[in-house]
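Student: Take this structure, written in structure tokens, and hold onto it; I'll ask about it next.
The values are calculated or read from the model by the stated rules, or taken from the named source; none is laboratory data. This is a predicted model, so every value here is computed, not measured. Neighbour counts are summed over all protein chains in view; Cβ atoms, including those assigned to glycine, are modelled from backbone coordinates with ideal geometry.
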């Protein structure tokens with residue numbers, strides 16, 4: 001019999017996932033997302049301006065910023081006051097890319113939506129949790145903007161979610177926590193829209209290579225988790 005995971009879930013099961021909408025009162029959309037002990041506060045702000053390279057185009061922009069608060073992990077994280085680290089830059093670009101895959105920028109008008117994703121507690125999967133919560137915050141911000149009469153149509157045409165999958169001790173696991181991720185032989189992050197289109201497939205053989213059959217297995221289990229997350233997003237929006 002295989003050993004159970006730390007939280008007694010099956011190999012192909014997500015951690016307990018929750019979305020708390022409207023967590024903050026001073027922004028158009030916000031969401032506290034939890035994947036087990038990983039917690040990320042996502043907040044969507046809207047500015048009636050665009051980057052210089054978009055001025056006069058009539059198009060809007062959606063971007064993201066990401067940070068880990070100093071007390072989010074066991075060892076204090078120093079604030080990135082003198083420039084972002086490469087990992088931070090990579091993650092926020094990934095979040096922004098994922099969100100833009102669901103928005104018609106031409107229909108926004110010249111506004112910029114920035115979704116800030118602040119990790120308040122980290123236990124693996126911070127980037128994937130950020131994407132899932134950021135989409136909820138973006139959805140709500142656009143709803144407020146539309147209800148205020150500032151949008152003619154609905155620029156949000158899709159939905160996006162993200163999850164990690166990997167191989168640990170020869171077992172394919174979904175939604176890795178930090179303990180699992182830190183010793184994974186293979187580590188993969190998947191981002192997918194509700195249409196089943198991948199935005200990101202980021203897989204690395206940390207301690208071992210992987211063949212096509214194993215890749216297909218990782219993708220199959222990952223897609224199962226992604227569909228469950230997309231369902232969870234829809235459920236919270238219906239409340």
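Student: In the stretch 85-99, is there at least one residue being in a loop (DSSP other than H, G, I, E, B) and either over 20 Å from residue 143 (Cβ atoms) or out of contact with any strand residue (DSSP E or B) (no Cβ under 7 Å at 6 or more places or on another chain) (or both)?
Tutor: Yes: one or more hits.
Student: In the stretch 17-30, what residues are touching a strand residue (DSSP E or B) at 6+ places or on another chain (Cβ under 7 Å) and either buried (at least 19 other Cβ atoms within 10 Å of the Cβ) or assigned to a loop (DSSP other than H, G, I, E, B) (or both)?
Tutor: Of everything in the stretch 17-30, those that are touching a strand residue (DSSP E or B) at 6+ places or on another chain (Cβ under 7 Å) and either buried (at least 19 other Cβ atoms within 10 Å of the Cβ) or assigned to a loop (DSSP other than H, G, I, E, B) (or both) turn out to be 17, 19, 22, 23, 24, 27, 28, 29, 30.
Condition check ((1) within 23 Å of residue 223 (Cβ to Cβ); (2) over 17 Å from the mean Cα position of the chain (by Cα)) across all residues:
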position: 106; (1), (2): no, yes
position: 115; (1), (2): no, no
position: 121; (1), (2): no, no
position: 124; (1), (2): yes, no
position: 127; (1), (2): yes, no
position: 134; (1), (2): yes, no
position: 148; (1), (2): no, yes
position: 154; (1), (2): no, yes
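Student: Could you check the stretch 31-43 and list, in sequence order, the residues that are within 14 Å of residue 132 (Cβ to Cβ) and in contact with a strand residue (DSSP E or B) (Cβ under 6 Å, 6 or more places away or on another chain)?
Tutor: Answer for the stretch 31-43, where residues must be within 14 Å of residue 132 (Cβ to Cβ) and in contact with a strand residue (DSSP E or B) (Cβ under 6 Å, 6 or more places away or on another chain): 31, 32, 33, 34, 35, 39, 40, 41, 42.
Student: Give me the pairs: first residue in the stretch 20-44 and at positive phi and modelled with pLDDT of 95 or more, second residue in a strand (DSSP E or B) and crowded, with 21+ Cβ neighbours inside 10 Å, beta-carbon distance under 7 Å, and six or more apart or on different chains, which are they?
Tutor: Hits for this filter: 22/30.
Student: For the stretch 172-184, which positions are crowded, with 23+ Cβ neighbours inside 10 Å, assigned to a loop (DSSP other than H, G, I, E, B) and in contact (Cβ under 8 Å) with a residue 60 or more places away in the chain?
Tutor: Of everything in the stretch 172-184, just one residue is crowded, with 23+ Cβ neighbours inside 10 Å, assigned to a loop (DSSP other than H, G, I, E, B) and in contact (Cβ under 8 Å) with a residue 60 or more places away in the chain, namely 175.
Student: Can I ask one more? If a residue has to be over 23 Å from residue 34 (Cα atoms), free of Cβ contacts under 8 Å to residues at least 60 places away in the same chain and either crowded, with 24+ Cβ neighbours inside 10 Å or out of contact with any strand residue (DSSP E or B) (no Cβ under 9 Å at 6 or more places or on another chain) (or both) to count, how many in the stretch 151-171 make the cut?
Tutor: Qualifying residue count, the stretch 151-171: 6.
Student: Could you list, in sequence order, the residues of the stretch 109-122 that are at pLDDT 95 or above and either outside any strand (DSSP E or B) or over 16 Å from residue 155 (Cβ atoms) (or both)?
Tutor: Within the stretch 109-122, 110, 111, 116, 117, 118, 119, 120, 121, 122 meet the criteria.
Student: Has the stretch 123-135 got any residue that is touching a residue at least 40 places away in the same chain (Cβ under 8 Å), part of a loop (DSSP other than H, G, I, E, B), out of contact with any helix residue (DSSP H, G or I) (no Cβ under 6 Å at 6 or more places or on another chain) and surrounded by 14 or more Cβ atoms within 10 Å (Cβ to Cβ)?
Tutor: The answer is yes, given that some residue of the stretch 123-135 is touching a residue at least 40 places away in the same chain (Cβ under 8 Å), part of a loop (DSSP other than H, G, I, E, B), out of contact with any helix residue (DSSP H, G or I) (no Cβ under 6 Å at 6 or more places or on another chain) and surrounded by 14 or more Cβ atoms within 10 Å (Cβ to Cβ).
Student: If the requirement is being more than 22 Å from residue 145 (Cβ to Cβ) and under 22 Å from the mean Cα position of the chain (by Cα), which of these qualifies: 6, 44, 13, 64?
Tutor: Being more than 22 Å from residue 145 (Cβ to Cβ) and under 22 Å from the mean Cα position of the chain (by Cα) holds for just one of 6, 44, 13, 64, which is 13.
Student: Condition first: closer than 15 Å to residue 225 by Cα and under 20 Å from the mean Cα position of the chain (by Cα). Can you find one or more residues in the stretch 204-211 that meet it?
Tutor: No.
Student: May I pose another question? What is the residue count in the stretch 198-239 for residues that are in contact (Cβ under 8 Å) with a residue 60 or more places away in the chain, more than 19 Å from residue 156 (Cβ to Cβ) and part of a helix (DSSP H, G or I)?
Tutor: Residues meeting the conditions: 4.
Student: What number of residues within the stretch 58-93 satisfy the criterion of being under 22 Å from residue 192 (Cβ atoms) and touching a helix residue (DSSP H, G or I) at 6+ places or on another chain (Cβ under 6 Å)?
Tutor: Looking only at that region, the number is 5.
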